[in-house]
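Heads up: the structure comes next, in structure tokens.
The values are calculated or read from the model by the stated rules, or taken from the named source; none is laboratory data. Everything numeric in this text was worked out from a predicted model, so none of it was measured. When we count neighbours, we look across all protein chains shown, and the Cβ atoms used for this are built from the backbone with ideal geometry, even at glycine. Each accessible area value is taken on the protein alone, full model and side chains, heavy atoms only, with ligands, DNA and RNA left out. Shrake-Rupley method; radii C 1.70, N 1.55, O 1.52, S 1.80 Å.
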Amino acid sequence: MDYQSFFVDAINALHSEKRYRVFADLERIVGRFPHAIWRSERGAREITVWCSNDYLGMGHHADVVRAMAETAQGLGTGAGGTRNISGNSHPIVELEAELADLHGKEAGLVFSSGFVSNDAAISTIAKLLPDCLILSDELNHASMIEGIRRSGAQKRIFRHNDLEHLEELLKEAAPGRAKLIVFESVYSMDGDIAPIAGICDLAEKYGAMTYIDEVHAVGMYGPRGGGMAERDGVMHRIDVIEGTLAKAFGTFGGYITASRAVVDAVRSYAPGFIFTTALPPAICAATTASIRHLKASQVERDLQQKHAQLTKSVLIHAGLPVMPSETHIVPLFVGNPDLCKRASDMLLEEHGIYIQPINYPTVPRGTERLRITPTPCHDEALIYGLRDALIDVWHRLWLPLGRTAPANVGRMVAGGSRFEVFPPAGG
């Protein structure tokens, strides 16, 4: 049997569907974010990154870099083992306490990534709850979908941010049955926000637990960077708050915060936590420095929001199809995978602007887009330069200008459920 042919055919299928992913070879430059070095067959050149998840530039902050370097010098590079076998460093204990404080919870637990934290926590919590029913927003991230699948629990999918539909499903469940509502605060591809308080109202009314993914909101919103739940004053009403260390905090890893009992149960039962090496002490120390800074400083959040709003305004005024977004995420609608990739390539190769194309399965087919993430470091000159480059590319690819981007394109999924249609994808 020619085993290799199966893999070649699988890759060729991605090429034919115009959704084969190419990774840009980048070198970030400390102190010069969002500028980076891009290496290609033509050599090395400086470019501007417009799609980074380092939302506040904290991956380059002097205090964060210093904390990482000093800790690595003192404690070495790796953790040396799992949390249970020699890997439970003092910096990771401090980090978990800092995260618990950030969200007003009794305890925190750190994982190797945001994907793993969702996968491990959701699957473990649902397994430990007797006859658990999971109610999941239809646009939840692939990591949450995977956790739901691995839990083996019954699932019901509610229409995106639709409180009426969620209540219908809750009413159908037996009153005494364990229920877990799983949702995100900021949906990263559309930039819209969940009705968190309304979901909490329904959870309390029908006796359900709540699990919120704040990955694209922690560090970014709330007076101390606790996320949308902090901004809306409802953190205390959420049972489990999950987040990442790899976006606004600028480092690496994921986490959950919850009651001491919930965290201890996940710590004790989740294979994704138990059987993996702990985060290196240097990563933990750098993250703690970043969280502490953002708890006290509003400067980065204010400037980031200012630049995000200016970017939206400038691009909309130029007639570019900016999709409606309530947050710092600026999605630019293309609607065709080939044109989306070509636009991205032209921006990078001819204008020195890097924006990764977002195609299926990260978003539904027909809703392909460029996902722009302005930061505090993208000044007005860069914003207007982005506008000019996009107009040039739009004209040359015969993409329409002067049209409003379709609303609610995130709902344009066959069958009405990302859960049922999408294989696991990154975001």
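For Arg369, the residues 5 or more places off, or on other chains, whose built amide H falls under 5 Å of its own are Val334, Gly335, Ile358.
Counting protein heavy atoms only, the chain has 54 percent of its accessible area on carbon and sulfur, 1.4 angstrom probe.
Computed over the stretch 322-379, the range of Cα coordinates on each principal axis works out to 32, 31, 16 Å, biggest value leading.
Shape class of the stretch 223-373 from the alpha-carbon gyration tensor: prolate, with a/c at 1.5 or above and a/b greater than b/c. The value of relative contact order for the chain, using C-alpha pairs under 8 Å at least six residues apart, is 21 percent. Between Ile391, Ile157, Ile85, the Gaussian network model of the chain with springs among Cα atoms under 10 angstrom shows the greatest mean-square fluctuation at Ile85. A 1.4 Å probe run over the chain, with the rest of the protein chains in place, finds 42 Å² accessible per residue.
For Leu128 and Thr77, the FRET efficiency from 1/(1 + (r/R0)^6), where r spans their Cβ atoms and R0 equals 45 Å, is about 0.80.
Taken along the Cα-to-beta-carbon direction at a fixed 7 Å, the label points for Val299 and Glu326 span 3.0 nm.
Need the full-extension length gain, Ser313 to Arg32, defined as separation in residues times 0.36 nm minus the C-alpha distance. One decimal, nm.
Values: separation 281, 0.36 × 281 = 101.16 nm, distance 2.52 nm.
In short, 98.6 nm is gained.
The mean sequence distance of close C-alpha pairs (under 8 Å, at least 6 residues apart), as a share of the length of the stretch 1-158, puts its relative contact order at 11 percent. Treating r as the C-beta distance of Met1 and Ser86 and R0 as 25 Å, the FRET efficiency rounds to 0.05.
You can think of it this way: the chain between Phe23 and Ala97 has 23.1 nm of extra reach, that is 0.36 nm per residue less the Cα-Cα gap. Shown is the FRET efficiency for Arg45 and Asp264, computed with R0 = 45 Å from the Cβ-Cβ distance and rounded to the nearest 0.05: 0.30. Restricting attention to the chain, close to 60% of DSSP beta bridges with both partner residues there are antiparallel. The shape of the stretch 14-54 comes out oblate: with a ≥ b ≥ c from the C-alpha gyration tensor, a/c is at least 1.5 while a/b does not beat b/c. Determine the alpha carbon to alpha carbon distance for each of Lys105/Lys205; Lys247/Lys295; Lys105/Lys127; Lys155/Lys179 and list only those over 18 Å. In this structure, Lys105/Lys205; Lys105/Lys127 lie more than 18 Å apart at Cα. Taking 19 Å as the straight-line reach from the Cα of Lys18, the aspartates and glutamates in range (excluding those fewer than 8 positions away in the same chain) are Asp9, Asp338, Asp345, Glu349, Glu368.
Could you tell me which of rounded, prolate or oblate describes the stretch 1-144, using a ≥ b ≥ c as the square roots of the eigenvalues of the alpha-carbon gyration tensor, with rounded for a/c under 1.5 and, failing that, prolate when a/b is larger than b/c and oblate otherwise? Don't jump to the answer; show the numbers that get you there.
Values: a/c = 1.83, a/b = 1.10, b/c = 1.66.
Verdict is oblate for the stretch 1-144.
Annotation: peptides 89-97, 309-317, ranked by per-residue average of other Cβ atoms within 10 Å with the highest first, follow the order 89-97, 309-317.
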